[in-house]
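Some notes on the structure that comes next.
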Amino acid sequence: MSQDRPKLIRDDIIIAYTTDREAMAKAAAEKLDGMGVTLELIPISLKKFACSEYLPRVSGNVRGRDVFLFQGFGKNPNVDIWNFLLTLDALHLADAKSITPVIPYIPYLRQDRKDKSRVPISASRIIRSIEMCPGVKRVITTDMHADQLQAVFTIPVDHIPGRVFFIPWARERFKNDFSNVVAVAPDIGSVKRVRSLAKRLDDNMSLAILDKERTDEGVEVHTVIGDSVQGKICLINDDIVDTGGTLKEAIDALMSFGPREVIVTVTHPVFSKSNGTTAYEKLMEAGIELITTDSIPTENHSWLTVLPLTEYMAQVIFEQISRDGSVSKIIEEGLPQ
């Protein structure tokens, strides 16, 4: 920012944050300050009683102000969701003018349909619970499990697809030469998202699909549909990794088709433990490189690269508070140079 450009102090807008999102919120505020907009930061404290009840408290004045709430969902989503709803209520009762949750990862969104009888559509219930909180006017999030989930919201939602974060990384990594790279969809359901990523990287980029089915024994890959992966760098793109078991089996099967290297990009690193083995252990054993974001905190590993979301969240907020702002430009063109 030019030094002769005056800073705009917006005392009508607040960035509030929970402890697990302190670093992202403060970094976003610093980025906004670099863009010429100074916003006040207010922490949300969380007290846990002996009976395991929680009490969030807003540690500052939000009366009549627009609040951007940075909230994280980690390894205990059920507790996190309840604390999130209580925090929204606390901000409303503190007389915030409006509340915009900044929640890169929203749990339960994989449960977006009735695939069995007598089960809930949990994604819809979570979204409804957020919308029912008074004062919530908009949501900022990233890479929901299905784009169609935007239709469930009855309030505006700024949804940043996962490809937006990985395109700059891929262009730098491969120096814009994708002649030896094959974009791989890990299943039929992810073809649209992977094709969208590939087309934006290179119109002529090769595309392959793992034809797999789930069995009682695990995942069985029948063949690779599309372009050959032999001797190529395979770039698998997915939205979420939970236990890593399905991904590990798919990678093992893909290796049998002779790729030179396998790189996995995934937006949300849930990385749970299953049957005594963590997702980290499974993916390390798979011998791949994994690129992810900090939508959920991760461990440090040499094979794991974490792309920070801070600049994107700051830019979305900047567009929201600008009179002529456009979040769609971020989705189509990435961050401004």
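Some observations on this one:
Okay, residues lined up against (1) of a type outside the set (F, W, Y); (2) under 30 Å from V37 (Cα atoms):
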{"position": "I236", "(1), (2)": "yes, no"}
{"position": "A253", "(1), (2)": "yes, no"}
{"position": "G276", "(1), (2)": "yes, no"}
{"position": "Y280", "(1), (2)": "no, no"}
{"position": "G287", "(1), (2)": "yes, no"}
{"position": "Y312", "(1), (2)": "no, yes"}
{"position": "P336", "(1), (2)": "yes, yes"}
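- Condition check for L39: modelled with pLDDT of 95 or more and either in a strand (DSSP E or B) or touching a Lys or Arg at 6+ places or on another chain (Cβ under 8 Å) (or both): yes
- If you check K199, K232, K192 for being open to solvent by 10 Å² or more (accessible area, probe 1.4 Å), over 30 Å from E311 (Cβ atoms) and not polar (S, T, N, Q), only one passes: K232.
- Restricting I9, I15 to residues that are within 22 Å of R138 (Cα to Cα) and either β-branched (V, I, T) or out of contact with any strand residue (DSSP E or B) (no Cβ under 6 Å at 6 or more places or on another chain) (or both) narrows the list to I15.
- Test: residue in region 98-113 that is more than 21 Å from T267 (Cα to Cα), at pLDDT below 95 and either among the hydrophobic types (A, V, I, L, M, F, W, C) or open to solvent by 40 Å² or more (accessible area, probe 1.4 Å) (or both): yes
- Region 58-72 residues that are within 10 Å of I44 (Cβ to Cβ) and without any contact (Cβ under 8 Å) to a residue 60 or more places away in the chain, paired with ones that are open to solvent by 40 Å² or more (accessible area, probe 1.4 Å) and not charged (D, E, K, R) (beta carbon under 6 Å, 6 or more apart): S59/P43; S59/S45
- Unique residue being modelled with pLDDT under 95, open to solvent by less than 50 Å² (accessible area, probe 1.4 Å) and among the polar types (S, T, N, Q) when the list is S256, S274, S295: S274
The values are calculated or read from the model by the stated rules, or taken from the named source; none is laboratory data. For clarity, every value in this text was computed on a predicted model and none was experimentally measured. Quick reminder, even Gly has a Cβ in these numbers, built from the backbone with ideal geometry, and neighbours come from all protein chains shown. Areas reflect the complete protein model, heavy atoms only, side chains present, ligands, DNA and RNA absent. Shrake-Rupley method; radii C 1.70, N 1.55, O 1.52, S 1.80 Å.
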